[in-house]
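The values are calculated or read from the model by the stated rules, or taken from the named source; none is laboratory data. Treat the numbers as computed from the prediction; the structure is a model and nothing was measured. Positions of Cβ are backbone-derived with ideal geometry, glycine not excepted, and every protein chain shown enters the neighbour counts.
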Amino acid sequence: MSEQLKKATHIDVDEKSKLKDLEEFREYPEGQFLTTDQGVRVSETDMSLKAGERGPTLLEDFHFREKLTHFDHERIPERIVHARGTGAHGYFECYESMAEYTMASFLQEAGKKTPVFVRFSTVVGFRGSADTVRDARGFATKFYTEDGNYDLVGNNIPVFFIQDAIKFPDLVHSIKPEPDDEMPQASAAHDTFWDFVASHPENAHMIMWVLSDRGIPRSYRMMQGFGVNTFRFVNKQGKGRFVKFHWIPKLGVHSLVWDEAQKIAGKDPDYHRRDLYEAIEEGHYPEYELGVQIIEEEDEHKFDFDLLDATKIVPEEQVPLKIIGKLTLTSKPDNFFAEVEQVAFCPANVVPGIDFTNDPLLQGRLFSYLDTQLIRLGGPNFHEIPINRPLAPYHNNQRDGYHRMTINKGKSAYFPNTVGNGDPRPASREEHGYVHYTEKVEGKKIRARSDSFKDFFSQATLFWNSMTEPEKEHIVKAFHFEVGKVKSLEIRQRIADMFANVDPELGRMIAEGVSVKVPEAKAPQKKSRLDKSPALSQANKVPDTIESRKVAILAANGVNASHVEQLLKLLKEKGASAKVVSMTQGTLRGSGGGEVMVDKSYETTASVLFDAVFVPGGRESVEALKSQGSAVHFINEAFRHCKPIAATGEGVELLKASSIKGVKLSGEGEKGLVSDRGVVTAAETGDFGQFFEAFRKAIAQHRHWDREKKEMVPA
Ligand code: HDE
């Protein structure tokens, strides 16, 4: 390689490179004068220039015109899907060299760090819709690598509704608000969507996932991500292998419950966005490991499904995950519009070492993203927008267009040329030129679907069989909600009939909940080779950590301040936190002296915004709480949502005064520590450390589904 070429191609990228690159575009207003867009200082911005104090505004007021005109043009179209989202900067660290499998530069050496920008999103809702709706979540990552930008544009569910991209407009039209009255917002629970589902049995597997707890994540930091489509790794020797991508959150996979999710949508529609940004601000940087499933080309046809069918997973029990690196999110964007709104992901943005497959869903995706971005971002130069600009230098003969920023030097804008010395010139594979994988393809032009794509139910059944009892119950209830909102009894019947193919029991339970006929039991059309895939159940993915969990402490005047203090200290040591919640904000008097600061009143928060509740002792405090409907409701609701609840000393009496039932409390015979299905009580506290450890374990468990049957608790 010539010295000149080396200079042109070699860049050093580290985890901070993109943030440094953005610095050139940041604007700091501190200590500055207000100016027009032309840099002219403005002397007056509150009054327009008029002909006389009571006269008409003059056209020559350039500041007025500029200010209004810019405002009038502030909006751009929202994304057609994934409109509601949030994003963060971070970096990816490679654990071990993957050179054997891929030449992707960011996967060549252990310890190599590459900057990334990630955008999480819901799919269906408009840009201003609530975060906690039932939906799939987008998980899109842009890697700013030495060899150009690589976008891994994934979802939190490993399969998709349809098998062929040509169906995407039909799917999206059916799930978006209905066209006559634009209802409902951010919800699939309406006739057109379920009509679509009933006509497309290939939806069955995805529907099982969306209606499971995966459809209502507790946090973007507690959900998995999947590339969904099968991609290809290609190594330096040109050898290709199939690859599936997985993100695995270090905090485990956790969800909300449906009643809670709906309430949060009103109490804090920004719940997931806030959660992500608060975690980053508090230094709880979200972390996800990258896992890959690598499949040799010779093994392509060894499975009982087609690897190119995006409605199928590759069970981890058949091809284990290889963990190859870690993503850490370390900073919020400085400006939401500039970064989160303007970022443009595209599955076709690949780098040498990563290639496509013939998955017909992927093939359509390769076209659609850039196409939609051309209109959303207003022309062909959106790659120049700071957040989209690669760190790798770019040189080509593309020219002009709206909002062109680059000033291309020289006379030639064509190839080959002699006037420009032949530059910019194509690079060989050795010079990191992208060479498409040489796959042999033959066939007739035909609009058809391979027979290998026609098994619609076996993996939906595998998913169902892999769920624990509570997870199954949640799915059935979700069907009752979604299909119960469908007005057409005929569509409801078609859905019950369709899902009887997944499991006759499931078909029966759906039918019974939405008042249609129980479908006749049918023999399964095709069975998956596996009976169960334990990797599919969230219940098998619970790490022993309470990092970044939020606990509410209910208190009033006369609270045992020492218990509050001890809990706060111990939670902090474990990376969790707590807020004191009371009738009004201000300061509370402690029982043995001292003061406790109130963080939130019942007006400004609710149990649904916490992971757990603690009621400290203090006779006067607990007597007050017992008479406060809001405090009793707080306990009932947390119990109904199967959250950990703890109480010390007189605090146990608030639990007794609430409607919770079916769990053993301290003081009923036993006065010491009692821990029963997530309710941890100690009427006589004794060793606070021991009490805390029981509470900590209950929080790490996240939810205590074995209490769910007691949901008669009014809340
Ligand atoms: Fe997308 N998808 N999609 N999608 N998708 C878009 O591109 C599309 C699919 C995904 O945070 C759009 O810039 C087609 C699967 C994410 O900016 C659009 C098909 C998966 C995001 C588009 C699919 C995704 C999008 C809308 C099937 C999981 C948000 C705005 C045939 C692997 C990215 C945009 C962000 C966004 C098309 C299916 C993930 C219209 C045609 C499967 C995370 O181009």
### Message
Checking the condition within 16 Å of the ligand (Cβ to nearest atom), under 27 Å from the mean Cα position of the chain (by Cα), modelled with pLDDT of 95 or more and under 30 Å from residue 182 (Cβ atoms), which residue from 119, 134 passes?
### Response
119
### Query
Taking the stated definitions as given, is residue 62 among the aromatic types (Phe, Trp, Tyr), farther than 18 Å from residue 337 by Cα and either away from the ligand (no atom under 16 Å from the Cβ) or in contact with a Ser or Thr (Cβ under 6 Å, 6 or more places away or on another chain) (or both)?
yes
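Return the only residue of 613, 564, 608, 551 being under 26 Å from residue 250 (Cβ atoms), touching a residue at least 40 places away in the same chain (Cβ under 8 Å) and not in a strand (DSSP E or B). If you could, list the steps in order and put the result at the bottom.
Details: 613 fails: not in a strand (DSSP E or B); 564 fails: under 26 Å from residue 250 (Cβ atoms); 551 fails: not in a strand (DSSP E or B).
Exactly one residue qualifies, and that residue is 608.
Residue-wise test of (1) within 21 Å of the chain's Cα centre (by Cα); (2) closer than 19 Å to residue 81 by Cα.
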site	(1), (2)
153	yes, yes
163	no, yes
169	no, yes
184	no, yes
187	yes, yes
200	no, no
219	yes, no
224	yes, no
230	yes, no
### Message
Contact list please: Cβ distance under 6 Å, first residue in region 630-648 and farther than 21 Å from residue 256 by Cβ, second residue small (Gly, Ala, Ser) and buried (at least 22 other Cβ atoms within 10 Å of the Cβ), pairs at least six apart or on different chains.
### Response
632/658; 648/617; 648/682
### Summary
Those residues of region 252-282 that are crowded, with 18+ Cβ neighbours inside 10 Å and charged (D, E, K, R) come to a total of 5
### Query
Given (1) over 23 Å from residue 272 (Cα atoms); (2) outside any loop (DSSP other than H, G, I, E, B); (3) in contact (Cβ under 8 Å) with a residue 60 or more places away in the chain; (4) within 9 Å of the ligand (Cβ to nearest atom), where does residue 161 come up short, assuming only one miss?
(2)
## Note on the structure
Within region 580-610, residues closer than 15 Å to residue 646 by Cβ and either β-branched (Val, Ile, Thr) or out of contact with any strand residue (DSSP E or B) (no Cβ under 7 Å at 6 or more places or on another chain) (or both) come out as 580, 581
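Which of the residues that make up region 354-393 are hydroxyl-bearing (Ser, Thr, Tyr) and within 10 Å of the ligand (Cβ to nearest atom)?
Within region 354-393, the first condition is being hydroxyl-bearing (Ser, Thr, Tyr), and the residues that meet it are 357, 368-369, 372.
Listed by number, the residues that qualify are 368, 369, 372.
Filter region 634-682 for residues that are acidic (Asp, Glu), in contact with a helix residue (DSSP H, G or I) (Cβ under 7 Å, 6 or more places away or on another chain) and over 21 Å from residue 563 (Cα atoms) and give the result. Explain how you work it out, then say what you get.
Narrowing region 634-682 to residues acidic (Asp, Glu): 637, 650, 653, 668, 670, 676.
If we keep only those that are in contact with a helix residue (DSSP H, G or I) (Cβ under 7 Å, 6 or more places away or on another chain) too, we end up with 637, 650, 653.
Result: 637, single match.
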### Query
Considering region 326-353 alone, what residues qualify as being more than 13 Å from the ligand (Cβ to nearest atom), crowded, with 22+ Cβ neighbours inside 10 Å and either closer than 24 Å to residue 160 by Cα or under 19 Å from the mean Cα position of the chain (by Cα) (or both)?
327, 329, 350
### Task
Given the conditions (1) hydroxyl-bearing (Ser, Thr, Tyr); (2) outside any loop (DSSP other than H, G, I, E, B); (3) away from the ligand (no atom under 15 Å from the Cβ); (4) surrounded by fewer than 24 Cβ atoms within 10 Å (Cβ to Cβ), report the number of the one that residue 86 does not fulfil.
(3)
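Just wondering, is there one or more residues in region 37-44 that are within 16 Å of the ligand (Cβ to nearest atom) and acidic (Asp, Glu)?
no
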### Task
Please find, within region 429-448, the residue that is surrounded by the fewest Cβ atoms within 10 Å (Cβ to Cβ) out of those that are hydroxyl-bearing (Ser, Thr, Tyr) and over 15 Å from residue 147 (Cα atoms).
438
### Task
Give region 543-566 a look and list any residue that's among the hydrophobic types (A, V, I, L, M, F, W, C) and either at pLDDT below 95 or over 29 Å from residue 158 (Cα atoms) (or both), or say none.
551, 552, 553, 554, 555, 556, 559, 561, 564
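Among the residues of region 127-141, are any in contact (Cβ under 8 Å) with a residue 24 or more places away in the chain, farther than 29 Å from residue 221 by Cβ and crowded, with 21+ Cβ neighbours inside 10 Å?
no
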## Note on the structure
Within region 104-116, of all residues that are among the polar types (S, T, N, Q) and crowded, with 22+ Cβ neighbours inside 10 Å, the one nearest to the ligand (Cβ to nearest atom) is 114
## Note on the structure
When region 1-60 is checked residue by residue, the ones that are at pLDDT 95 or above, within 42 Å of the chain's Cα centre (by Cα) and among the polar types (S, T, N, Q) are 17, 32, 35, 36, 38, 45
### Unmet criterion (only one of (1) buried (at least 21 other Cβ atoms within 10 Å of the Cβ); (2) in contact with a strand residue (DSSP E or B) (Cβ under 9 Å, 6 or more places away or on another chain)) for residue 577
(1)
#### Entry: Contacts under 9 angstrom Cβ, first residue in region 664-687 being on the phi > 0 side of the Ramachandran plot, partner assigned to a loop (DSSP other than H, G, I, E, B) and of a type in the set (A, V, I, L, M), 6 or more apart
667/683; 677/663; 678/663
### Query
So residue 492 clears everything in (1) within 30 Å of residue 183 (Cβ to Cβ); (2) at pLDDT below 95 except one condition, right? Which one?
(2)
### Message
Considering only residues that are surrounded by fewer than 19 Cβ atoms within 10 Å (Cβ to Cβ), hydrophobic (A, V, I, L, M, F, W, C) and not in a loop (DSSP other than H, G, I, E, B), which ones fall in region 295-325?
### Response
323
### Message
Is it the case, given these coordinates, that residue 215 is within 16 Å of the ligand (Cβ to nearest atom) and in contact (Cβ under 8 Å) with a residue 60 or more places away in the chain?
### Response
yes
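Looking only at residues that are part of a helix (DSSP H, G or I) and acidic (Asp, Glu) in region 677-715, which one is nearest to residue 544 (Cα to Cα)?
As a first pass, look at region 677-715 and keep what is part of a helix (DSSP H, G or I): 688-700, 705-710.
Filter once more, so that each one left must be acidic (Asp, Glu): 693, 706, 708.
Details: 693: 12, 706: 19, 708: 22 Å.
Looking at residues that are part of a helix (DSSP H, G or I) and acidic (Asp, Glu), I get 693.
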